[in-house]
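What follows is a set of notes on a single structure, which appears directly below.
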Amino acid sequence: MAFPQRLRALWKCLLCFPVLMCLLYFGSPSLRALVIFSHLPMDKCKVESARALLRDNSVDAWLDLMTRSDVQTCTYWSAPIIWEGMFDPVLYDSMHTEAGSSVALTVFAVGRYLDAYLPAFLNSSERHFMLGLPVTYYVFTDMPEKVAAVQLPPLRSLKVIRVEKHSRWQDISMMRMKIISDVIETDIRHRCTHVFCFDVDQVFTGRFGSEALGNSVALLHAYYYRLPKSMYTYDRNPRSKAYMKTGDFYYHAAIFGGLCESVKALADACYQSIMEDKENNVEALWHDESHLNKYLWRHKPSRLLSPEYCWDPLIGNDSDIRVTRLEWAPKRYKNLRSA
């Protein structure tokens, strides 16, 4: 190749490189997270002592907010953000046992999600979720007959509830708020003190214990917790009830929870907003997650869970994450969401 031709080829490569990097950056969450995490520090907790927190219980006064100087351990409204190293699990377990706390875990396994994810989700939860406390699993599915029997120890039980399978996964996602609210009213509030709502395409990998229980509990999204707010994917459509210009954090709808009355209030509000959007022929960007973020911006959660409580292994190793308690299972949406 003649020198001028080689020079032109090299010049084209140099011009294409930034474009390629932009495509990779915006098309690959794991690469984007790697770049962002390495450059942006989190805000710092402004509370000097845990005794100044807006506490969900007396044991919160013993949280060590200073031990994790690398991350944000409380919000500006003085709610704790729970990280490994901040808490004594024995203290929390003892307090909740004495208080008679009990937990309902709700999960939807509809269509192909049942076979693909539910067995691993339930089996792993028996090894790690709220051990020592009474737990009732509420599995919502369109095929109850396919839910395999699970050997459960005393104080733990399983209820399988039939739900309608919608033609679009987006409708399944959004309608779960109505179903959760109804079951809290008719059943859960008579059995349990707390409710946790989970996506099924996850696997427990470590302690997910009583330190997570609170009045209103939200989860920091693993891909957004170190990003600037300008990059949060709130719904930006002013016609939607989920519309937000800005917020506090970006919360992941894969996990939310709290006292029965708090979770019911959240579910009712989100469902009402979803239905108002439907009447106006609007659909929020991230469906129920967009509405959840709007609600939690207006009604501040009393407790935040760090991304340890729902981590994506594709992000890779991150120094913030000393343990993983729940991990995203491999996503096979193309096959699972097809008719």
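The values are calculated or read from the model by the stated rules, or taken from the named source; none is laboratory data. Bear in mind the structure is a predicted one, so any value in this text is a computation, not a measurement. Note that we place each Cβ from the backbone using ideal geometry, even for glycine, and neighbour counts take in every protein chain shown. SASA here: full protein model, heavy atoms, side chains in, ligands and nucleic acids out. Shrake-Rupley method; radii C 1.70, N 1.55, O 1.52, S 1.80 Å.
Taking the conditions exactly as written (surrounded by 13 or more Cβ atoms within 10 Å (Cβ to Cβ) and at pLDDT 50 or above), does residue 29 satisfy them or not?
Yes: the conditions hold for residue 29.
Scan 176, 236 and give me the residue that is open to solvent by less than 20 Å² (accessible area, probe 1.4 Å), of a type outside the set (A, V, I, L, M) and over 23 Å from residue 101 (Cα atoms).
Sole residue among the options that is open to solvent by less than 20 Å² (accessible area, probe 1.4 Å), of a type outside the set (A, V, I, L, M) and over 23 Å from residue 101 (Cα atoms): 176.
Could you check, for the stretch 148-167, whether at least one of its residues is at pLDDT below 95, more than 23 Å from the chain's Cα centre (by Cα) and within 20 Å of residue 329 (Cβ to Cβ)? Scanning the stretch 148-167, I find at least one residue that is at pLDDT below 95, more than 23 Å from the chain's Cα centre (by Cα) and within 20 Å of residue 329 (Cβ to Cβ), so the answer is yes. Considering (1) without any contact (Cβ under 8 Å) to a residue 24 or more places away in the chain; (2) farther than 28 Å from residue 182 by Cα; (3) part of a helix (DSSP H, G or I), the lone condition that residue 330 does not fulfil carries the number (3). Could you say whether any residue in the stretch 136-151 is in contact (Cβ under 8 Å) with a residue 60 or more places away in the chain and open to solvent by 20 Å² or more (accessible area, probe 1.4 Å)? So far as the stretch 136-151 goes, no, none of its residues is in contact (Cβ under 8 Å) with a residue 60 or more places away in the chain and open to solvent by 20 Å² or more (accessible area, probe 1.4 Å). Within the option set 122, 65, 131, being touching a helix residue (DSSP H, G or I) at 6+ places or on another chain (Cβ under 9 Å), more than 20 Å from residue 262 (Cα to Cα), without any contact (Cβ under 8 Å) to a residue 60 or more places away in the chain and outside any strand (DSSP E or B) holds for one residue only, 65. The set of residues from the stretch 187-216 being under 11 Å from residue 106 (Cβ atoms) and not in a helix (DSSP H, G or I) comprises 192, 195, 196, 197, 198, 199, 200. For the stretch 242-289, the set of residues classified as surrounded by 15 or more Cβ atoms within 10 Å (Cβ to Cβ), more than 21 Å from the chain's Cα centre (by Cα) and assigned to a loop (DSSP other than H, G, I, E, B) consists of 282 only. Identify all residues within the stretch 54-70 that are crowded, with 22+ Cβ neighbours inside 10 Å and closer than 16 Å to residue 301 by Cα; write none if there are none. If the condition is that a residue be crowded, with 22+ Cβ neighbours inside 10 Å and closer than 16 Å to residue 301 by Cα, then 60 is the only one that fits. If the condition is being free of Cβ contacts under 8 Å to residues at least 60 places away in the same chain and in a loop (DSSP other than H, G, I, E, B), then the stretch 297-320 contributes only 317.
Looking only at the stretch 95-114, residues that are open to solvent by 40 Å² or more (accessible area, probe 1.4 Å) and over 22 Å from the mean Cα position of the chain (by Cα) come to 4 in all. Picking from residues in the stretch 208-230 that are open to solvent by 10 Å² or more (accessible area, probe 1.4 Å) and out of contact with any helix residue (DSSP H, G or I) (no Cβ under 6 Å at 6 or more places or on another chain), the one that is nearest to residue 302 (Cα to Cα) is 221. For the stretch 71-94, the tally of residues that are in contact (Cβ under 8 Å) with a residue 40 or more places away in the chain, under 23 Å from residue 221 (Cβ atoms) and open to solvent by less than 50 Å² (accessible area, probe 1.4 Å) stands at 10.
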